[in-house]
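Asks: Below: one structure in structure tokens.
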Amino acid sequence: MYAILAEHASDADVLASITRRRLAAPITIKKKGYDGCGNLRAKGARDIRAWINAGVLRFIICHDADGRSPESIRELVAREIIKPAGVSESCCIAVPVQEIESWLIADETAIQSIANAPGFKGHGHPESLAQPKEWLKAQLRAAKVQPRYVPDLVNERVAGVLRLDVLERKCPSFRNFVAQLDRWRQSPAS
């Protein structure tokens, strides 16, 4: 059993979809969004300890970079969540640069098909965008996409059709995340 702790519920939904696809195995995933990084860091260790008692074996913690280096965020997550929870080998840290929407933007065909935005061009270097979620909203608004883009309603569906090889090519932070998942695929949780 796996658990995903993320800043927002839609981030957890995206990661659950990607994780199931990447591990290519039937797995149970518990998810929790914390309505922000502060709550994630304040409550994450407590929730991991509770999930360990409920039989969860692997944890994915997602914390946006938000303008900081991914390495500094990984260190922050390790210090404030993983170490207090007493788990290290069973954790994977996902640090999207800047936000998880940068991963979605990387695959224009996924956005085109799910958001009904045939003219959406995507972005060659989505991690260079300061505010990917706002950029995506503006692009889809300019394309007059209806209904409007709402991350909680659209992101998980986009994640279900993402071309993971495209994300690996365009987003170093995604490449790092799937490398961690691949280690789990090679040594399944017992």
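The values are calculated or read from the model by the stated rules, or taken from the named source; none is laboratory data. Predicted model, so just to flag it, every value in this text is computed and none were measured. FYI the Cβ positions are ideal-geometry reconstructions off the backbone, even for glycines, and counts take in every protein chain you see. Quick note on the areas: whole protein, heavy atoms, side chains included, nothing else; ligands and nucleic acids left out. Shrake-Rupley method; radii C 1.70, N 1.55, O 1.52, S 1.80 Å.
Asks: Counting only heavy atoms of protein chains, what accessible area per residue, in Å², does the chain have with a probe of 1.4 Å?
Replies: Result: 47 Å² of accessible area for each residue.
Asks: Short version: ³J(HN,Hα) in whole Hz for each residue of the range 102-110, in order, from phi by Karplus 6.51 cos²θ - 1.76 cosθ + 1.60 (θ = phi - 60°), x for Gly and Pro, what are they?
Replies: 4, 5, 5, 4, 4, 10, 4, 5, 5
Asks: Show which aspartates and glutamates lie in cross-link reach of residue 121 when reach means a straight Cα distance below 13 angstrom and same-chain residues fewer than eight apart are skipped.
Replies: Answer for residue 121, where 13 Å is the Cα cut-off: 107, 108, listed by chain and number.
Asks: Then there is this: With Rg/Rh (Cα atoms, Kirkwood Rh) defined as stated, name the option among [x] 1.05; [y] 0.96; [z] 1.42 computed from the structure displayed.
Replies: [y]
Asks: Something else about it: Sorted by accessible area (1.4 Å probe), largest first, how do 109, 19 line up?
Replies: Largest accessible area first, the list is 109, 19.
Asks: Relative contact order for the range 27-135: what is it in percent, counting Cα pairs under 8 Å that are at least 6 residues apart?
Replies: Numbers: 120 pairs, mean separation 25.9, N = 109.
That works out to 24 percent.
Asks: A further question on this structure: Run the helix sum for the chain: -39,500 (n - 2.57) per DSSP H stretch of 4+ residues, divided by residue count, reported at 222 nm to the nearest 500 deg cm²/dmol.
Replies: That comes out to -14500 deg cm²/dmol.
Asks: Across the range 32-37, in residue order, what do the Karplus-derived ³J(HN,Hα) couplings come to in whole Hz, using 6.51 cos²θ - 1.76 cosθ + 1.60 with θ = phi - 60° and x for Gly and Pro?
Replies: Each residue's phi maps through the Karplus curve to give 8, x, 10, 6, x, 5 Hz.
Asks: Go through 153, 136, 164 and list them by solvent-accessible area, largest first, probe radius 1.4 Å.
Replies: Listed by decreasing accessible area, they come as 153, 164, 136.
Asks: Check cross-link reach from residue 83 to the lysines: straight Cα distance under 29 Å, and skip same-chain residues fewer than eight apart.
Replies: Result set, ordered by chain and number: 30, 31, 32, 43.
Asks: Looking at the range 101-172, which trypsin sites (Lys or Arg not before Pro) are DSSP coil and have at most 10 other C-beta atoms within 10 Å of their C-beta? Could the numbers behind the result be given before it?
Replies: On the way: sites: 121, 133, 137, 141, 144, 148, 157, 163, 169, 170; in loops: 121, 144, 148, 163.
Sparse-neighbourhood loop trypsin sites (Lys or Arg not before Pro): 144.
Asks: I've got another one for you. Alpha carbon centre of the range 121-184 versus the range 1-64: separation in Å?
Replies: Taking the Cα centre of the range 1-64 as reference, the centre of the range 121-184 is 19 Å away.
Asks: Once the whole set of protein chains is in place, how much accessible area is left on residue 128, using a 1.4 Å probe, in Å² to the nearest 10?
Replies: Accessible area of residue 128: about 90 Å².
Asks: Helix 132-142: angle to the longest alpha-carbon principal axis of the chain, degrees 0 to 90, nearest 10?
Replies: 30
Asks: Hey, another quick one. I'd like the carbon and sulfur percentage of the solvent accessible area for the chain, probe radius 1.4 Å, heavy atoms only, ligands and nucleic acids excluded.
Replies: Details: 4360 of 8880 Å².
Roughly 49 percent of what the probe reaches on the chain is carbon or sulfur.
Asks: Here is a further query. Quote the charge dipole size of the chain about the Cα centre in Debye, to the nearest 20; the model charges only the Cβ of Lys and Arg (+1) and of Asp and Glu (-1). Present the calculation step by step, with values, prior to reporting the outcome.
Replies: Numbers: 28 positive and 22 negative charges, 68 e Å.
Around 320 debye, computed over the chain.
Asks: If you don't mind, there's one more thing I want to ask. Over the chain, what relative contact order in percent results from Cα pairs under 8 Å that are six or more residues apart?
Replies: Averaging sequence separation for qualifying contacts and normalising by length gives 24 percent for the chain.
Asks: Collect residues whose amide H, placed 1.01 Å from N in the peptide plane, falls under 5 Å from the amide H of residue 59; neighbours closer than 5 in sequence don't count.
Replies: Under 5 Å from the amide H of residue 59 lie the amide H atoms of 3, 91, 92, each far enough along the sequence or on another chain.
Asks: Further question: May I ask you to evaluate 6.51 cos²θ - 1.76 cosθ + 1.60, the Karplus curve with θ = phi - 60°, for each residue of the range 78-83 and list the ³J(HN,Hα) values in order in whole Hz, giving x for glycine and proline?
Replies: Each residue's phi maps through the Karplus curve to give 4, 6, 9, 10, 5, 4 Hz.
Asks: Once the dipole of the range 1-134 is set up with Lys and Arg at +1 and Asp and Glu at -1 on Cβ about the Cα centre, which of 54, 42, 106 lies farthest towards its positive end?
Replies: Going by the Cα projections, it comes out as 54.
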